[in-house]
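Have a look at the structure below, then the notes.
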Amino acid sequence: MVSFQKIKSELQQTGIVLGGLIMVLLLFLIVSGILLAFFYSPQPEETYSSMDSIMANPITAFIRNFHFWASDLFLFTLFLHMTRVALTKPSGKARRYAWWVGIGMLILVAAEMLLGTFMRGDEEALEAYSHFFIGSTGIVANYFPFTTLITDFFSQHNALFRFFIFHAILIPFALLSLIILHGLFAPTFRALMSPWKKVTEPTIRGSLDIRGVFAYPSVRKMMYLSLIALGAITVLSLALPAPLLPPPYGGLEVTKPPWWLLWVVFFENFFGLTPIVILPPVLFLIFAAIPLFTKDKPGADWGVYIYLIATALVISMSFWAALGPQVAHTEHFLQGHTEP
Amino acid sequence: MQNTDLGRGSFLDGSVFGRAKPDYSTSYMKRMVPRIRVQAVFLFYALLCGFVIIPPGAVFAHGDEAPAETLYSQTQIGLPDSRQGHAHGGMVGDQSGNFDVSISSSGPYQAGIPQALRFTITKKATGEQVKEFVQTQTKYLHLIIVSSDLAEFYHEHPDLESDGTFLLKDFAFKREVPYTLYFDLSPSGSGDDILLRRDIGVGQNVYIAPFLKSTQFPVASQGLQVRLFLDPGEPKTIGNTFFTFTLSDAANGAPVSDLEAYLGVPAHLVMISQKSFDYIHMHPSGNFPTDPVKLDALRFGPNIQFQTTFPEEGFYKGWLQVLRGGNIVVLAFVISVEKGTGLTRDQIATNVHFVQAREENRSIVKFALITLFMCGMILLFYPKRSSISSLPPSSLPVVASPASPQASATSPVQPASDSKQNQPPQQPNNT
């Protein structure tokens, strides 16, 4: 009979390798994204029809669904990984630097998810573009006029193509680079890599079977988790299609943002569009400040409390934004209507 | 003899299950505190995650929706209609729902004779006079006067008198035709600009209908020549229309880049529809300094851009006003707007409803799963103060060496108090 303590120990070890699972999920995203890129057109006149064609063909639809659910699971696992690290207290120089590099990766992931929403080219994509990109740059431009250069750069006919370059090339490369940097500082990363380092040289010499690496429990756990994730994504891809709304109509707002941005909507319902510019940087700053409140002693401290409170608030705000009615925040941009 | 508050045979001391009583020297509460703390955190988290918080965002949510009959056109990111910029003016029709204006003059309206016109703004509901106003584009009142055939255009700024009325001194109507007056102002406390419109007849009041046809560019006036680029090339009643005026010197064709700020912006554009005499007042796209000193130091041109939407199809006459060398230059032109096709908000909302509702349900499931997993993470990894730190050494349990294979395979996570956070060296599991 398996004891509770053994189960707890196994789960804790599983929690330790979540970072490795994130890397595997990133690999899934890159592969599925490359396959999708063969069928996707970033020309605005053809974008929606290319998405329609992708969803009409069962194979490309599966690839798209796979990409969608892999991104959701990626974000989910990232959240759990952050929680594990926050609860095990990123104190000490190395773990602090690893945490801060991780926050940088979090920002890149958020940008990647937003650009992925733009890529869809449907009603939600256009509203995301109007709401988050045009809206936020419009607000910032009131204080920093040079921001209009950024707006203009991503507002012309090749806007989607430029977003596509960021989504498909620049941000993934930046993420992979930061993963290497993250690994230099994260002790768990180094520990998980040690079995691979040990077998590399003998394998190159031809004297050691690569299969020996699977004798290590961490590697086996990573493999099992990856297979479970692959299975889960495959099942979800076959059973639940990725969303594709009807073609976009400009100047109105009839949809809610994706689930990972709903917490901002909660505040927008109160204060209009301005929270969209303020809240995400505030949240990233709160996360970045956590190591500064983490002390190198046993027990929870303010670093842990700040993380738990911040995430609890984000989740609760998201719940209520999901349950609340859809509210338009940007339609005063439409010409002919005065500001509220 | 260990000190325990539990007594024999209690559930908590384990003796019910035949296990030896643990050798604790701390009190019951000191042993229970770490467990309670984790449970308290768990409970706090579950409560905070949305089950008891009142949803103020849903209760007090306010929308910002356009009128229901507004038509929307299909577009895409990167196409002109997707560039929903900040609104730069655009009033349409008489908006005197809450306010009224009365006009008095020094005598009957006569053509060719300078007259003093006094305007009094009142609240429609109470008849109370409004005496305080907010400046917009450096003036309290922008008065646009056009003749019935749209051949004459005047942009005046009556003075705000001490009694709260506006006085336009020495204004002479040129012909004995009807004139339409547009009052563009912002009463203090109204929170917004309002537009009032009044028609007056001058002299014989002979109505002359506007006869408009589209202007062939370039057009010239007062030493300036202007070309207009429209996007889309054929404006429609739905979606944005972008105007790009390129100004050059009428004499030598050289681009003009020495335009001065006029009323706080590089230029003004007023358009009036032939059908309903709807009024649209636009300011250039872009951000400009509000400090008058900085603004006066800037020069503009040769390109000036505007954007607007048109409420109805038909001809529109426009007047572009710029300031050059201290002189106000007015350039008049006419464009044609076609009726566009599109869907209403309700139609679009109906189209997206199914997928949107499905995604909302999925979002709630995802948040529920996140909450569940978060609580699990707290139970697994919440950093506890060591409960054995105050125990005498003899009661400490034996801990397996971290270097042994069994320990590396099955040992729990090291306490968070280790700042080095070095994981034990991994050994293959020799099965």
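Observations on the structure shown:
- Within the range A:269-277, the presence of a residue that is surrounded by fewer than 23 Cβ atoms within 10 Å (Cβ to Cβ) and either under 22 Å from B:Ala368 (Cβ atoms) or in contact with a Lys or Arg (Cβ under 7 Å, 6 or more places away or on another chain) (or both) is excluded.
- If you go through the range B:333-352 and keep only what is in a helix (DSSP H, G or I), surrounded by 15 or more Cβ atoms within 10 Å (Cβ to Cβ) and of a type outside the set (A, V, I, L, M), you end up with B:Arg345, B:Asn351.
- Selected residue (criterion: farthest from the chain's Cα centre (by Cα)) from residues of the range B:173-208 that are of a type in the set (Asp, Glu) and not in a loop (DSSP other than H, G, I, E, B): B:Asp199
- Residue, surrounded by the fewest Cβ atoms within 10 Å (Cβ to Cβ), within the range A:279-306, restricted to residues that are among the β-branched types (Val, Ile, Thr) and more than 10 Å from chain B (Cβ to nearest Cβ): A:Val282
- Within the range B:286-304, at least one residue is among the small types (Gly, Ala, Ser), at positive phi and either within 27 Å of the chain's Cα centre (by Cα) or within 14 Å of chain A (Cβ to nearest Cβ) (or both).
- Every residue from the range A:52-73 that is away from chain B (no Cβ under 11 Å) and in contact with a Lys or Arg (Cβ under 8 Å, 6 or more places away or on another chain): A:Ile54, A:Met55
- Among the helices (runs of 4 or more DSSP H) confined to the range A:76-148, the ones with at least 2 residues that are without any contact (Cβ under 8 Å) to a residue 40 or more places away in the chain and within 11 Å of chain B (Cβ to nearest Cβ) are located at A:135-141.
- Inspection of the range B:306-316 finds no residue satisfying the criterion of being in the same structural domain as B:Leu247 (by TED's automatic domain parsing), surrounded by 16 or more Cβ atoms within 10 Å (Cβ to Cβ), free of Cβ contacts under 8 Å to residues at least 40 places away in the same chain and outside any loop (DSSP other than H, G, I, E, B).
- Taken over the range B:206-240, the criterion of being touching a strand residue (DSSP E or B) at 6+ places or on another chain (Cβ under 9 Å), among the polar types (S, T, N, Q) and either more than 14 Å from chain A (Cβ to nearest Cβ) or closer than 14 Å to B:Gly318 by Cα (or both) is satisfied by B:Ser214, B:Thr215, B:Ser221, B:Gln222, B:Gln225.
- Restricting attention to the range B:353-388 and to residues that are small (Gly, Ala, Ser) and assigned to a helix (DSSP H, G or I), the residue that is nearest to the other protein chains (Cβ to nearest Cβ) turns out to be B:Ser363.
- A:Phe153 vs. criteria surrounded by fewer than 17 Cβ atoms within 10 Å (Cβ to Cβ), more than 7 Å from every other protein chain (Cβ to nearest Cβ) and over 30 Å from A:Leu35 (Cα atoms): no
- Scanning the range A:215-234 for residues that are small (Gly, Ala, Ser) and either within 12 Å of chain B (Cβ to nearest Cβ) or in contact (Cβ under 8 Å) with a residue 12 or more places away in the chain (or both) returns A:Ala215, A:Ser218, A:Ser226, A:Ala229, A:Ala232.
- Single residue of A:Thr117, A:Thr88, A:Thr147 found to be within 19 Å of the chain's Cα centre (by Cα) and among the β-branched types (Val, Ile, Thr): A:Thr117
- Residue in the range A:307-314 that is in a helix (DSSP H, G or I), more than 7 Å from every other protein chain (Cβ to nearest Cβ), surrounded by fewer than 22 Cβ atoms within 10 Å (Cβ to Cβ) and among the small types (Gly, Ala, Ser) present: yes
- The range B:74-116: number of residues that are surrounded by fewer than 22 Cβ atoms within 10 Å (Cβ to Cβ), at pLDDT 85 or above and either part of a strand (DSSP E or B) or within 7 Å of chain A (Cβ to nearest Cβ) (or both): 9
The values are calculated or read from the model by the stated rules, or taken from the named source; none is laboratory data. These numbers were taken from a predicted model, which means no experiment stands behind them. Cβ sites come from the backbone with ideal geometry, for glycine too, and all protein chains shown count toward neighbours.
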